[in-house]
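The next block holds one structure in the form of structure tokens; read it before the comments.
Nothing in this text is a laboratory measurement; each read-out follows from the coordinates by a stated rule. The model shown is predicted, which means the values in this text are computed figures rather than measured ones. Cβ atoms come from the backbone with ideal geometry, glycine included; neighbour counts cover every protein chain shown.
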Amino acid sequence: MNVDRFNSEVDGKPVSLYPISNNHISCYITNYGARVVSLMVNDKLSTQLDVVLGFDSLEGYINADEQYHGATVGRYANRIANGRFTINEKEYSLAINNPPNSLHGGISAMHNQVWNVIKHESNLITLEHVSPHMEEGYPGELTTQVTYELKGSDLVITYKAKSTEDTIINLTHHSYFNLNGEGSGSVLSHRLKINSEYYTPVNQDTIPTGKLNLVNGTPFDFTSQKEIGLDIEEEDEQLTFGFGYDHNYVVNNYEKGQLGFAAKVNGDISGIEMEVWTTEPGVQFYSANHLNGNDKGKSGQHYSKRNAFCLETQHFPDSPNQNQFPSTALLAGEVFHSETEYRFKII
């Protein structure tokens, strides 16, 4: 990876590329959007593969059709209906960037901000971003830190945040994974298991209806490991609304603050298995339905529909407007804490 292609400025703030590594895996992080640019993992032949989609220059990220490659997403990951929510009996209006909804924090959200690097060691990096009061419509000055740390063959992501006023928060990581290597084509033969018996169905605007639907007997059943593509073309209203899988799953046996198993995926060619563990109650499975082939990635290959998958650990979409969902409120002075681990091994 050519560091010089990231050494630049955005809005007068310096951007660069930062390596972290250990004896098992290695990673490059940029402070533009606190993004994972590459993640190198050994396959069954002990060949290192880059398992995340992305670009080999800062300009690639700035000019991409898909704006969330590898990014830290917030203040509120996923969708808020009509860009509105109420806290302390006051309604707030957010930027509408996914009509009629607000998506992933809005237009000038965390994914396209320059973060400050406050610690960089051989196997970890901590980045910080301060979001001003009412930026993108959210109350409170929010100070957010994200730490990427390599532990053995695991990528551990830790989030901390604190607000000066009562607000809402929902942070996630948005790498597009392909366990056969980025640029290698479709992931429909990857085998996926999701530790969930329920998902949150959506309406035609991809906002949760408020119900929890059993996955049993539906294309959404990944309780036993199966190929991602096995049921993706079934005639199903939910698959039509999402253009494939783009749904929040309710993690089984969730306990607040406790790390729990959410999902695992096997690369059909590489033999790489990735497990996802999280302290979050939900995980969004997205089958990259909107990659359109316009973006050319690090390997020179174009990223097309279903050339990757995302497993975005999170609280549920539109939770501020749905009281039956776990709360995303962050009170003034309280510390938000969340952790997600992507664990790699060979099968």
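Could you give the length gained by full extension between H290 and N7, i.e. 0.36 nm per residue of separation minus their alpha carbon distance, to one decimal place?
98.9 nm
Which lysines have a Cα less than 18 Å from the Cα of K119, not counting those fewer than 8 places away in the same chain?
Excluding near neighbours in sequence, the set is K13, K151, K160.
Give, as ranges by residue number, the residues of the stretch 174-201 whose backbone N falls under 17 Å from the point 7 Å along Cα→Cβ of E233.
Within reach of a label on E233, which here means backbone N under 17 Å from a point 7 Å along Cα→Cβ, the stretch 174-201 contributes 186-190.
Along the Cα→Cβ direction, 7 angstrom out, place labels at S299 and I107. What is the inter-label distance in nm?
With each label placed 7 Å out from Cα toward Cβ, I get 3.6 nm.
Once phi is turned into θ = phi - 60°, what whole-Hz ³J(HN,Hα) does the Karplus curve with 6.51, -1.76 and 1.60 give for every residue of the stretch 24-30, x standing for Gly and Pro?
Here the 3J(HN,Hα) series is 10, 9, 9, 8, 10, 10, 10 Hz.
With each pseudo-label sitting 7 Å past Cα toward Cβ, what's the S21-T209 distance in nm, one decimal?
5.1 nm
Once fully extended, how much extra length lies between N63 and T47, figured as 0.36 nm per residue of separation less the alpha-carbon to alpha-carbon distance?
Length gained, N63 through T47: 2.7 nm.
Report the gain in length on full extension from I118 to E89: 0.36 nm times residue separation, minus Cα-Cα distance, nm rounded to one decimal.
6.8 nm
Quick check: the distance between the Cα centres of the stretch 195-262 and the stretch 299-347, to the nearest angstrom?
14 Å
For the stretch 311-347, which GluC sites (Glu not before Pro) are in a loop by DSSP, counting at most 15 other Cβ atoms within 10 Å? Write down the numbers at each step before the final one.
Details: sites: E312, E334, E339, E341; in loops: E334.
Answer by residue number: E334.
Taking K and R as +1 and D and E as -1, what net charge do the other residues with C-beta under 9 Å from the C-beta of G244 add up to?
That works out to 0.
Test of the criteria: in the stretch 41-120, which trypsin sites (Lys or Arg not before Pro) are in a DSSP loop and have at most 12 other Cβ atoms within 10 angstrom of their Cβ?
Sites meeting the loop and neighbour criteria: K44.
Can you bin the stretch 282-347 into rounded, prolate or oblate? Criterion: square roots of the alpha carbon gyration tensor eigenvalues sorted a ≥ b ≥ c, rounded for a/c under 1.5, prolate for a/b above b/c, oblate for the rest.
prolate
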